Amino acid sequence: MAGSNALSSPVLSDALVILGAAGIVIPVFNRFRITPVIGFILVGLLVGPFGLGRLVFDTPWLSWVTITDPDGLEIFAEFGIILLLFSIGLELSFGRLWAMRRFVFGLGSLELILTGSALTFFFAAIGQGFSGAMALGLALALSSTALVLKMTDTTTPVGRAALAMLLFEDIALVPIIFLLGALAPHAKGAGMDGLIHTLVWGTLVVTALLVLGRYLLPPLFAQAARTKSPELFLAASLLVVILASLATGATGLSPIVGALVAGLLIAETEYHTEVEQIIEPFKGLALGVFLITIGMSIDLRIVWENLTSILIAAVGVILLKSTVTGLLLRMMGARRGTATETGILMSSPSETTLIVLSAAGAAQLIQPGTAMFWQIVTALGLTVTPLLSMIGKLLAKQVDSVETPHQPAEATDKPQTLIIGFGRVGRLVADMLARHGRPYLAVDSNTDLVTDGRRHGYTVAFGDAGRGDAMLRFGAAGAAAVILTMDEPVTAQRIVRKLRADFPDLPIIARARDAEHAALLYRAGATHAVPETLESSLQLSEAALTEIGVAMGPVIASIHEKRDEFREQIKEQGGLAQKPALKSGQLKQPERA
């Protein structure tokens, strides 16, 4: 028993360090709106064998706050990379790419090709073999999606340009990793036959995954959705990722190619938002482990001994990337300020650079020492990215006499309306919005309603609007309005309360069962609450009274009186300063007392 405890203690202490790091790094860095990517690298530096780990022999208690078995984390780091690439695939739906195809495949492809070529030429000129030079050039040409999109508004010219280039870089990860994986057998001496064998079988497996996934994934996730079990949904997601990764790994390609393909396939289903939400905590933790291992691999003594070279390399990469990107944008007609800010914002390497460097090292295209040097440069670049963003904004104001105006992503775009619940009421609301040319997205947790709606041409997605930050993922921050049509009073109140807390100015129109429920919804923060039993009862009474011979004038007057009684009741129960408007002719949000 004692031996068992001794064996398990390093694992437990390492787990404690990782979970403690996640519990400290994520909230602290989010508090200052800085990506946790930087924090995890710094934690790796601190607790790794080249940080506090050096002092463990002299101070044994430090073993509880340091990583004692770095090699044991490798499998978790690899899984973190797989989940990161899977999440990137989830964001790259074919529909989104088609909508931005001109910017993504025009601007994005030119930026990556020109920057990667310039870096490849430089590395080849200083003596690096062509395959290694190409791997380094492509790796360092990538920019950080996680950092850049947090620091820019994608509705501005700078944000749109950055988004287009980042989307293409995310797409390009597939062929880049495919190429590095295919070169691995060749680099190890398998020759051209091994390279061709890997390419052929890799292509066949990826094609098979694309074809089979299109037909097998929708029923798989539909069955998981019917159970209403998040655990089963998570299990199905991980099953797809792991099987796809094993399939590509068996051909000699990198397993993360399979993870990317799995993400792309799920992105085309109505369940992609739910999958993304469920996988997010696991992806963040696994990615944190990967970044911690990167930090642990950095020897601060080597950094100090080579500090001049590292600083020169980091500054050189930043200058080259910002210059190429800025000149490209100017040639394509961007303003000087836009080109300057975008070029500097996109100039540092990214977390995906670390992945490509790891893949290049595994393929023996670059030496371990070279990989470590550029990992240190990349970590430094990630750390200074927020500073680069500030510098870019300042320089943009100086080179432009007038600050770049805020522009919408497309002049013809209209903010979409979110419909929560896609039963008979939700479908009718969708019909009315479509008739007036208003874009919408309906969300429902009933997979049969979602499947039937999509079959009939409605824009509807699967998701549980009441869980986590689901509404943010569905675009509530930029929505024209949110309409709640579900017949679940408690859930509706909870969603209204959370929406009002997160988005104070968002119009929220909610379906209420009766006047009492309407009052509760107003109290929770609804802009308008429409009691269905009230209006249907009044209309039924009006039809009955006129049919049995009561004059229309007195009938209408009594209907108005009864409606006014209900308005007064809702005002008192909801704590409103004025009566709510229950008729469509004069919708006005009542003030709360």
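Key figures for this structure:
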item: Number of positions in segment 424-438 that are surrounded by 14 or more Cβ atoms within 10 Å (Cβ to Cβ) and not in a helix (DSSP H, G or I); result: 1
item: Check on residue 211, over 24 Å from the mean Cα position of the chain (by Cα), at pLDDT 80 or above and open to solvent by less than 40 Å² (accessible area, probe 1.4 Å); result: no
item: Single condition residue 299 does not satisfy, out of (1) surrounded by 21 or more Cβ atoms within 10 Å (Cβ to Cβ); (2) touching a residue at least 60 places away in the same chain (Cβ under 8 Å); result: (1)
item: Residue 333 vs. criteria free of Cβ contacts under 8 Å to residues at least 24 places away in the same chain and not in a helix (DSSP H, G or I); result: yes
item: Selection count where residues are open to solvent by less than 70 Å² (accessible area, probe 1.4 Å), of a type outside the set (A, V, I, L, M, F, W, C) and not in a helix (DSSP H, G or I), scope segment 468-488; result: 4
item: For residue 491: the one exception among (1) in a helix (DSSP H, G or I); (2) of a type outside the set (Lys, Arg); (3) surrounded by 21 or more Cβ atoms within 10 Å (Cβ to Cβ); result: (3)
item: Residue check for residue 527: closer than 27 Å to residue 276 by Cα, open to solvent by 10 Å² or more (accessible area, probe 1.4 Å) and of a type in the set (Val, Ile, Thr); result: no
item: Which listed residue, of 416, 398, is touching a Leu at 6+ places or on another chain (Cβ under 8 Å) and either at pLDDT 80 or above or open to solvent by 30 Å² or more (accessible area, probe 1.4 Å) (or both); result: 416
item: Total residues in segment 137-159, condition modelled with pLDDT under 80, open to solvent by 20 Å² or more (accessible area, probe 1.4 Å) and part of a helix (DSSP H, G or I); result: 2
item: Any chance residue 80 is over 26 Å from residue 329 (Cα atoms) and not in a helix (DSSP H, G or I); result: no
item: Qualifying residues in segment 452-464 (those that are in a helix (DSSP H, G or I) and open to solvent by 60 Å² or more (accessible area, probe 1.4 Å)) - the one farthest from residue 491 (Cα to Cα); result: 455
item: Of the criteria (1) in a helix (DSSP H, G or I); (2) open to solvent by less than 10 Å² (accessible area, probe 1.4 Å); (3) not small (Gly, Ala, Ser), which one residue 278 fails; result: (2)
item: Sole residue being assigned to a helix (DSSP H, G or I), surrounded by fewer than 21 Cβ atoms within 10 Å (Cβ to Cβ) and in contact (Cβ under 8 Å) with a residue 24 or more places away in the chain, chosen from 288, 284; result: 284
item: Only one of 123, 103 that is under 30 Å from residue 323 (Cβ atoms) and open to solvent by 40 Å² or more (accessible area, probe 1.4 Å); result: 103
item: Verdict on residue 449 being free of Cβ contacts under 8 Å to residues at least 24 places away in the same chain and surrounded by 19 or more Cβ atoms within 10 Å (Cβ to Cβ); result: no
item: The listed residue being out of contact with any Gly (no Cβ under 9 Å at 6 or more places or on another chain), in a helix (DSSP H, G or I), open to solvent by less than 60 Å² (accessible area, probe 1.4 Å) and under 30 Å from residue 109 (Cβ atoms), out of 316, 343; result: 316
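The values are calculated or read from the model by the stated rules, or taken from the named source; none is laboratory data. Note that the structure is predicted; figures quoted are calculated from it, not measured. All Cβ positions, even for glycine, are placed from backbone atoms using ideal geometry, and neighbour counts span all protein chains on display. SASA here: full protein model, heavy atoms, side chains in, ligands and nucleic acids out. Shrake-Rupley method; radii C 1.70, N 1.55, O 1.52, S 1.80 Å.
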